[in-house]
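Below is one structure; the comments refer to it alone.
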Amino acid sequence: MLSVLFVCVHNAGRSQMAAALFNHLCSQRGLPFRADSAGTHPAERVNPAAVEALRELGIDLSAERPRQLTQSLADSAGRIVTMGCGVDATACPARFLVSEDWGLDDPAGQPIETVRRIRDEILDRVERLIRELEAERG
């Protein structure tokens with residue numbers, strides 16, 4: 001099973017939403033892909049606006065907790081996607097991971113309307129990633 005690791009600094013918004021959307025869509029489609037998420041400096045909790053934005057799509061993030069990026073997690077991933085490093089460039093995971101970076105805005109402290117826009121951008125990128133992974137699989 002191919003594993004994708006979504007990484008950001010706090011693992012409280014973008015990477016949590018990306019992993020949840022990825023897993024939800026792959027499960028719906030019966031695809032053998034799985035995602036996880038982590039952060040270089042994890043927050044204490046998932047951003048409540050991210051939880052609400054995904055709840056609107058029927059996906060529950062309320063039980064998720066930010067977690068520390070470890071070498072083991074990185075090593076176990078077939079693909080690593082970082083979410084954007086505007087929040088803290090010194091803690092940017094893309095600095096030390098071979099990855100692709102989606103350059104997304106940080107939802108921390110943003111109103112729900114902004115978080116919805118970020119969520120929708122993540123959903124679009126996750127859809128493209130799934131199509132790409134399916135094509136690679138043959």
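Every number here is computed from the coordinates shown, using simple stated rules; none is lab data. Note that the structure is predicted; figures quoted are calculated from it, not measured. Neighbour counts run over all protein chains shown; Cβ positions are idealised from the backbone, glycine included.
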task = Could you work out which residue, out of Q110, Q16, Q71, moves most in a Gaussian network model of the chain, that is, has the largest mean-square fluctuation with Cα springs under 10 Å?
result = Q71
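Tally Lys/Arg at +1 and Asp/Glu at -1 over every other residue whose Cβ is under 11 Å from the Cβ of W102; what's the total?
Details: positive: R14, R125, R128; negative: E100, D101, D105, E121, D124.
Result for the neighbourhood of W102: -2.
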Charge context of T114, other residues only, Cβ under 13 angstrom, K/R +1, D/E -1 = -2
inquiry  = Nearest 500 deg cm²/dmol is fine: what mean residue ellipticity at 222 nm does the chain get from its DSSP H runs of n ≥ 4 alone, each adding -39,500 (n - 2.57), divided by its residue count?
reply    = -13000 deg cm²/dmol
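Size of the dipole of the stretch 2-137 about the Cα centre, Lys and Arg at +1 and Asp and Glu at -1 on the beta carbon, nothing else charged, in debye to 20?
On the way: 16 positive and 20 negative charges, 50 e Å.
It comes to approximately 240 debye.
In whole percent, what relative contact order does the chain give with Cα contacts below 8 Å and a gap of six or more residues?
With pairs under 8 Å counted, the relative contact order is 30 percent.
Quick one: of the DSSP bridges fully inside the stretch 2-137, what percent are antiparallel, nearest 5?
On the way: 0 of 14 bridges.
Antiparallel bridges make up about 0 percent of those DSSP assigns within the stretch 2-137.
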query = With Cβ to Cβ distances under 9 Å as the rule, what net charge do the other residues near V4 carry (K, R +1; D, E -1)?
reply = +1
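Which of the GluC sites (Glu not before Pro) across the stretch 27-87 are loop residues per DSSP, with 13 or fewer other Cβ within 10 Å?
On the way: sites: E44, E52, E56, E64; in loops: E44, E56, E64.
Loop-located and lightly packed - E44, E56.
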key: Spread of Cα-to-Cα distances over 5 Å intervals beginning at zero, given as percent, for the chain   = 2, 11, 23, 25, 21, 13, 4, 1, 0
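What number does the stretch 15-78 give for Rg over Rh if you use C-alpha atoms and the Kirkwood radius? Could the numbers behind the result be given before it?
Details: Rg = 12.4 Å, Rh = 12.6 Å.
My calculation puts Rg/Rh at 0.98.
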